[in-house]
Amino acid sequence: MNRKNKMITYIVSLFFACMFLCSVMHQDQEFSVSERRPLKDFPSVTLSQIQSGRFMTEFEDYVLDQFPFRDSFRSIKAWIEQYVFRKKNNNDIYVESGYAAEMVYPMNEVSMKNASKVFRSIYDTYLKDSGSNVYFSMIPDKNYFLAGEDGQLTIDYSIFMDQMKDEMSYMTYIDITDTLSIEDYYRTDSHWRQETLPDTAEGISRQMGSSITGKYDVLELERPFRGVYSGQWALPLEEDSIVCLTNSIIDRYHVYDFENDRQIPVYNMDKAEGNDMYETYLSGSLSLITISNPEINTKKELILFRDSFGSSIAPLLAEGYSKVTLIDIRYIPWQRLDQFVDFNHKDVLFLYSTALLNHNEIR
């Protein structure tokens, strides 16, 4: 073996020895802040696990999650793919005009059918003969505005929305796409920004026969907001900020969290210090909460079937109702709702993002 080959062998051996020592000394982490997800634990070692092959599969996932300097290597990989190989996306995330978005492709008709089937069951069970006014609206994800500009794969949103509207034809459809643009979304996250939603909330309220003030004081949180795409993209992105809209009416709301049997604030500042600052709005995606508005002289109530997007627009819609009930059927069986909710003679709005409708999360 010549001197050059020996040197390469020594360097490679030293690298692997160092990585082995780092792995041995590295303390396992429970949660990835950058990716905003729990990391794999060391799998249990049992005879059945080994014989079935599950142990090695879970061990591989564990090693990938607990690898030393994992975030640094992810950033290096992302930089090479972006600037050397000129890939248009990284981990199915792409950036266009300064906005990061997750590719939504292909169109999942099975997911759409599942969602519409659940909505129909809820309607037939609770709403059909309730005397309620029932509405349906879709929140376009960021790809609606971004994808296609730079050749990214994307679903055909006109077909997607038309199919969902056909499936939900027994409800009154509220189109909000003309009230939104890409500037209404965070650069680093999937969600929309509350401070840009008054026009959207006013349009929804008007079509449901309600009204809101549209006048708010602005509270911008000091801590910068790094949304879910910041970690997934693994390269620097311009930070966002969380802004909360309030006024004398919103300040007097009474918000109750039935999932945890407690009063909660409209804007939870403890969540503003957590891993997901978007949970500042109504403490995140809780299964069942109510917003009571003592400042309005009406008995009108709204029932809002929603995903996480609903957390930030609900405080604005609540200005026009005596009570708003928010229901997230991802976390509570819809078959049990009559134990908690009176559906008679209410306004009912099904408000869901296209991304969720396409990802089989409603069953």
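The values are calculated or read from the model by the stated rules, or taken from the named source; none is laboratory data. Values in this document were obtained by computation on a predicted structure and should not be read as measured data. Every residue, glycine among them, receives a Cβ derived from its backbone with ideal geometry; neighbour counts consider all protein chains shown. Each accessible area value is taken on the protein alone, full model and side chains, heavy atoms only, with ligands, DNA and RNA left out. Shrake-Rupley method; radii C 1.70, N 1.55, O 1.52, S 1.80 Å.
Overview of values
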read-out	value
Point-to-point label distance, GLU295-ASP251, nm (Cα→Cβ direction, 7 Å offset)	0.8
Over region 147-281, relative contact order from alpha-carbon pairs under 8 Å, at least 6 apart, %	18
Average accessible surface area per residue within region 113-166, 1.4 Å rolling probe, Å²	43
Rounded, prolate or oblate (a/c below 1.5 giving rounded, otherwise prolate when a/b exceeds b/c) for region 181-272 by Cα gyration tensor	oblate
Pairwise FRET efficiency - GLU58 versus ASP338, Cβ, R0 = 41 Å, nearest 0.05	0.50
Rounded percent of accessible protein surface that carbon and sulfur make up, region 146-197, 1.4 Å probe	43
Electrostatic dipole magnitude of region 260-363 [Cβ: Lys, Arg +1; Asp, Glu -1; Cα centre; debye, to 20]	280
With every protein chain in place, region 287-327: carbon and sulfur % of accessible area (1.4 Å)	41
Local net charge near TYR185, Cβ-Cβ under 11 Å (Lys/Arg +1, Asp/Glu -1)	-2
Assigned charges on the beta-carbon of Lys, Arg, Asp, Glu; region 173-321 dipole about Cα centre (debye)	400
Prolate/oblate/rounded call for region 207-363, Cα gyration tensor, a/c under 1.5 rounded	oblate
Solvent exposure of region 275-352 as accessible area per residue, Å², 1.4 Å probe	32
Net lengthening on full extension, THR177/ARG120 (0.36 nm per residue, minus Cα-Cα)	18.2 nm
Where labels lie 7 Å past Cα in the beta-carbon direction, separation of ASN275 and SER97 in nm	3.2
